[in-house]
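Engineer: I am attaching a structure below and will ask some questions about it afterwards.
The values are calculated or read from the model by the stated rules, or taken from the named source; none is laboratory data. Note that the structure is a prediction, hence the values are computed from the model and not measured. Because the Cβ atoms are built from the backbone with ideal geometry, glycine has one as well, and the counts that use them run over all protein chains shown. We work out accessible area using only protein heavy atoms, side chains counted, and drop any ligands, DNA or RNA first. Shrake-Rupley method; radii C 1.70, N 1.55, O 1.52, S 1.80 Å.
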Amino acid sequence: MKRSVCWIAIAICSLILSLHIHLFMPVYAQPSIAQMVETGKEFYDVGQFSQAVQTLKQATQEYASKNSPLHQAQALGLLSLAYQKLGQWQLAQNAITESLLLLKSTSAQRQHLQIFAQVLNAQAHLQLAKGQLESALATWQQAETAYRQANDAEGMMGSRLSQAQALQSLGFYRRAQKQLLQIETQVQQTKDLPLKTLGWQNLGNLYNRVGELKTAQRLLIQSINLSRQIKNPVLESKGLLSLGNTERLLAKQAEVLQYPERVQKAHTAALVYYQQAAAIAPSPILRTQAQVNQLSLLVDRQQLNAAETLWTQLQTQLPQLPAGRSTVYIYINLAQTLLRQNQPPAKITALLQQAIKQADTLEDLRAKSTAMGILGQVEERALKFNQAKILTQQALQIAYQISASDLTYQWQWQLGRLLHKQKPKANQEAIAYYTQAVKSLQSLRSDLVALNPDIQFSFRESVEPVYRELVDLLLQAPQPSAENLIQARNVIEALQIAELDNFFRDACSLAEPVNIDNLDPNAAIIYPIVLGDRLEIIVKLPGNNSLRHYTQANISETRVDAAVEKLLTALRRRSTSLSQTKAAAKQIYDWLIQPIATEFQNPQNHVKTLTFVMDGSLRNIPPAMLYDGKQYLIENYAVVVTPGLQLFFAQPWGDRNFNTLLAGTTKAPSFAKERLGSLDNVAVELAEISQQIPRSKKLENQKFLLEGIRQHLATQNFDIIHIATHGKFSSDPEQTYILDWEKRINIRDLDSLLRSSNTRENNPIELLILSACETAVGDNRAALGLAGIAIRAGARSTLATLIQINDASTAEFMQRLYEQFQNPSLTKAEALRNTQLAFLKEYPNTDYNRPYHWAAFILIGNWF
């Protein structure tokens, strides 16, 4: 399977065990040299990287003069890490190259092996920073081997943690999960209690970064309990601080999913953990970090009296903090908190100026860029746009200098926003900066999550607006140019990809543009774009120079969401009158289709298929049921949806001699666990399909297990995989799953399951069918889960249901659908349309003509 390599900046995890350095003093060396190295490491640990470089350079020169290559190599490895923190990549590479050359001339004793492993660790971090993720993984594996030969359990564990993060970033989830479980077992078995405590803590922090918040919570609690047992206040305080941060992430997750009680519970727990961390912290830095996080949460919860009291206390502590990166970011985080609280600009500016001053002293360009960019936001808030532009441009230049793409996009976005505020209409300079910001985001993709786990839950505030504001600018003119329409269409497709990246916390969905005219000359592509104050629609008709655009003014996102909820409520309730359902469907038809209906009907345009790239809550509706007042859309066109043509598997359906894997269950134990009813007609559904398709294998009831499917996929290539069971699609990947006989198969398990065959890349699944599934009620972005399954399954097409429908009519629907599939003259979209039309017209003694029975089946992806 083809994997996309993700770009990640310098460090994987600030507490990673493999950064631990053992210092050895040669017999003949001056004690002052070893002390110099120790001082350099101390400077590094407190974030004084420039001082660390100066001290370690001197140490390497001293070791060279004493002809001590082993310890010179060790000092060079540390020097490389310090250079990396300063963004001085070539100097970092030079230090590693020199170190490895020195090590070649020394004997392979234990001392040598440990230092060799440490230098390899530094090399892996540099490879990571340069985007060479697969090389970094191989180097960490080499470092683990060296640590093992040196009997260094702590270093070996750290290298394995780094490998797990690298595997996660590459998209090898099962391998990453296996690695983490092995490390967890290793930590559990060790009798070294301080090492076990640190191991739990590092594992917890790493699980936080990969979004496994419940696991992170469990491990951090174990770490804290053990740190209390061994009476180590440093580890206990750090563990409590991490646990507080985990609770805040859990609160953000619950907020996205609209669970207010969980938000309140997690916030309360986080406050307690921050207070406990501050109370026992043995160092001023650690205590202040906990208090700053506590202040931020108090402000977010509008507990302003408590926040004011804590702020007063912090003001007396700040001047006492030692210089270092941690202190700089304390000032920056405080400034951001006060900015959210709308405190006077002078107070915030003073904090940021102090951060910039210390960053200059430390030669920490990243911290300086961050502080200057936020200072630009302060000036923007004060409506001092020219000063805000100057500061933001300076921050952007520094971000360019150190190749910090995660900062670059923020300052590009900020400049675009400032320019737009100064000149609201037709501002090409603003569009240029927004365009650059989108390109920077595309270069980063899921590495935003690796750098900052908060992004996963603040995507709608910190990433999505960049795309939408650019589209807004491009489409502001009454008649946008063809270039603007093309760019707007590309940007909204890029947003679709970014949302899926954020959903999965990685960027392993392939994205290659497709020219649909070369594949289906009868397809029109419809892009509804939901902006805050209006609804924009771009339509690509068949042929060249065929873009159309229209605006539904005053149709706000709120109105769209309300109309979608009205339609879904009518669709889900079988008892809803047909007139009510049609009225709800007509409202959305009038917005999306009516303005261009005559062009679809024009014989010269040859439109037979309508492909929707839906946006926002519109993704939750089945467009086949949109109603023009006389007919449903499906009565005139085949209708499909796709997350975007850049995610499209552009191959037509070939041989219809299907090899099909059928799986499902009627009344499984897993249904009872989830409090779900039986699916009495699944047996009928599977039996009828197996009679129609001679080349089929059936896994039913007790045989319908994750491992059973995996075994079959590992030994055979199947064209169609048909799964009939309960399932749910949600905007939360942890709540997107299907049920086998025993348990949930979550979306990551399904991903690895369907991609398990080594030959899958050359023989992709033609069609994945998920009957009896549904989207989560009340979740405006639930269809992300369905789109995610469709993309990650590696299937060219996915057919699924948006709502839970009658399983008797589903069995009949599937029988008719497979009859259509066997007609080689029909595309998948046409086969689905014929089946839906049959339900509309050919079952006079039933209510199968109601959209409840036929509309919820949607085809995603390749419709040929």
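Engineer: Please verify whether the stretch 277-288 includes one or more residues that are aliphatic (A, V, I, L, M), at pLDDT 95 or above and in contact with a Gly (Cβ under 7 Å, 6 or more places away or on another chain).
Structural biologist: The answer is yes, given that some residue of the stretch 277-288 is aliphatic (A, V, I, L, M), at pLDDT 95 or above and in contact with a Gly (Cβ under 7 Å, 6 or more places away or on another chain).
Engineer: So, in the stretch 657-669, of the ones that are in a loop (DSSP other than H, G, I, E, B) and open to solvent by 40 Å² or more (accessible area, probe 1.4 Å), which residue ends up modelled with the lowest pLDDT? Lay out the reasoning, then the answer.
Structural biologist: Of the residues in the stretch 657-669, the ones in a loop (DSSP other than H, G, I, E, B) are 657-659, 665-668.
Narrowing the set further to residues that are open to solvent by 40 Å² or more (accessible area, probe 1.4 Å) leaves 657, 667.
Values: N657: 84, K667: 94.
Of everything passing the filter in the stretch 657-669, N657 is modelled with the lowest pLDDT.
Residue by residue, here is whether (1) touching a strand residue (DSSP E or B) at 6+ places or on another chain (Cβ under 7 Å); (2) surrounded by fewer than 19 Cβ atoms within 10 Å (Cβ to Cβ); (3) of a type in the set (S, T, N, Q) holds:
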{"position": "R796", "(1), (2), (3)": "yes, no, no"}
{"position": "Q804", "(1), (2), (3)": "yes, no, yes"}
{"position": "E819", "(1), (2), (3)": "no, yes, no"}
{"position": "Q822", "(1), (2), (3)": "no, yes, yes"}
{"position": "K828", "(1), (2), (3)": "yes, no, no"}
{"position": "T835", "(1), (2), (3)": "no, no, yes"}
{"position": "N845", "(1), (2), (3)": "no, yes, yes"}
{"position": "P851", "(1), (2), (3)": "no, no, no"}
{"position": "L859", "(1), (2), (3)": "yes, no, no"}
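Engineer: Applying the selection to the stretch 584-596, what residues are in contact (Cβ under 8 Å) with a residue 12 or more places away in the chain and either out of contact with any helix residue (DSSP H, G or I) (no Cβ under 9 Å at 6 or more places or on another chain) or not hydrophobic (A, V, I, L, M, F, W, C) (or both)?
Structural biologist: Matches in the stretch 584-596: K586, Q587, Y589, Q594, P595, I596.
Engineer: Assuming H549 fulfils every condition listed in (1) over 27 Å from I516 (Cβ atoms); (2) open to solvent by 40 Å² or more (accessible area, probe 1.4 Å); (3) in contact with a strand residue (DSSP E or B) (Cβ under 8 Å, 6 or more places away or on another chain) apart from one, which condition is it?
Structural biologist: (1)
Engineer: Only one of Q201, Q229 is open to solvent by less than 10 Å² (accessible area, probe 1.4 Å) and over 20 Å from the mean Cα position of the chain (by Cα). Can you tell me which?
Structural biologist: Q201
Engineer: Take the residues of the stretch 51-78 that are among the hydrophobic types (A, V, I, L, M, F, W, C) and farther than 23 Å from Q109 by Cα: which is farthest from the chain's Cα centre (by Cα)?
Structural biologist: Checked the stretch 51-78; the qualifying residue farthest from the chain's Cα centre (by Cα) is L56.
Engineer: Kindly indicate which of N701, N717 is within 17 Å of L739 (Cα to Cα) and open to solvent by less than 70 Å² (accessible area, probe 1.4 Å).
Structural biologist: None of the other options fit; the residue is N701.
Engineer: Sticking with this structure for a sec: Spot the failing condition for I402; the list is (1) open to solvent by 50 Å² or more (accessible area, probe 1.4 Å); (2) among the hydrophobic types (A, V, I, L, M, F, W, C); (3) under 20 Å from S443 (Cα atoms), and only one is missed.
Structural biologist: (1)
Engineer: Just to be sure I understand, how many residues within the stretch 670-699 are touching a residue at least 12 places away in the same chain (Cβ under 8 Å) and not in a loop (DSSP other than H, G, I, E, B)?
Structural biologist: Going through the stretch 670-699 one residue at a time, the tally reaches 16.
Engineer: Related question: Across the stretch 422-443, which residue is surrounded by the most Cβ atoms within 10 Å (Cβ to Cβ) among those that are over 16 Å from A494 (Cβ atoms) and touching a residue at least 40 places away in the same chain (Cβ under 8 Å)?
Structural biologist: For the stretch 422-443, the residue satisfying everything is A430.
Engineer: Looking at the stretch 376-388, which of its residues are open to solvent by 10 Å² or more (accessible area, probe 1.4 Å) and under 19 Å from A335 (Cβ atoms)?
Structural biologist: Q377, E379, E380, R381, A382, L383, K384, Q387
Engineer: Tell me which helices (runs of 4 or more DSSP H) are completely within the stretch 429-475 and hold 2 or more residues being of a type in the set (S, T, N, Q), on the phi < 0 side of the Ramachandran plot and at pLDDT below 95, or say none if there are none.
Structural biologist: 455-462
Engineer: I803: touching a Leu at 6+ places or on another chain (Cβ under 7 Å), part of a helix (DSSP H, G or I) and under 24 Å from D732 (Cβ atoms), yes or no? Even if it seems obvious, please write down each step before you answer.
Structural biologist: Details: touching a Leu at 6+ places or on another chain (Cβ under 7 Å): yes; part of a helix (DSSP H, G or I): no; under 24 Å from D732 (Cβ atoms): yes.
No; evaluated as a whole, the condition is false for this residue.
Engineer: From R792, R816, grab the single residue that is under 28 Å from S458 (Cα atoms) and charged (D, E, K, R).
Structural biologist: R792
Engineer: Output the number of residues of the stretch 338-388 satisfying the condition of being touching a residue at least 40 places away in the same chain (Cβ under 8 Å), of a type outside the set (D, E, K, R) and assigned to a loop (DSSP other than H, G, I, E, B).
Structural biologist: Selection size over the stretch 338-388: 1.
Engineer: Any idea which of (1) touching a strand residue (DSSP E or B) at 6+ places or on another chain (Cβ under 6 Å); (2) open to solvent by 10 Å² or more (accessible area, probe 1.4 Å); (3) under 24 Å from Y527 (Cβ atoms) is the one Q646 doesn't satisfy?
Structural biologist: Going through (1) touching a strand residue (DSSP E or B) at 6+ places or on another chain (Cβ under 6 Å); (2) open to solvent by 10 Å² or more (accessible area, probe 1.4 Å); (3) under 24 Å from Y527 (Cβ atoms) one by one, Q646 breaks only (1).
Engineer: Return only the number of the condition from (1) open to solvent by less than 10 Å² (accessible area, probe 1.4 Å); (2) assigned to a strand (DSSP E or B); (3) farther than 28 Å from N806 by Cβ that F600 does not satisfy.
Structural biologist: For F600, the exception is condition (2).
Engineer: Shifting gears a bit: Are there any pairs with C-beta distances below 8 angstrom linking a residue in the stretch 261-289 that is within 19 Å of N225 (Cβ to Cβ) and surrounded by fewer than 16 Cβ atoms within 10 Å (Cβ to Cβ) to a residue that is modelled with pLDDT under 95 and of a type in the set (A, V, I, L, M), with the two at least 6 apart or on different chains, and if so which?
Structural biologist: Between residues of the stretch 261-289 that are within 19 Å of N225 (Cβ to Cβ) and surrounded by fewer than 16 Cβ atoms within 10 Å (Cβ to Cβ) and residues that are modelled with pLDDT under 95 and of a type in the set (A, V, I, L, M), the close pairs are P282/V234.
Engineer: Quick check on my filter: what residues within the stretch 308-326 are of a type outside the set (A, V, I, L, M, F, W, C) and surrounded by 16 or more Cβ atoms within 10 Å (Cβ to Cβ)?
Structural biologist: Residues satisfying the conditions are G324, R325, S326.
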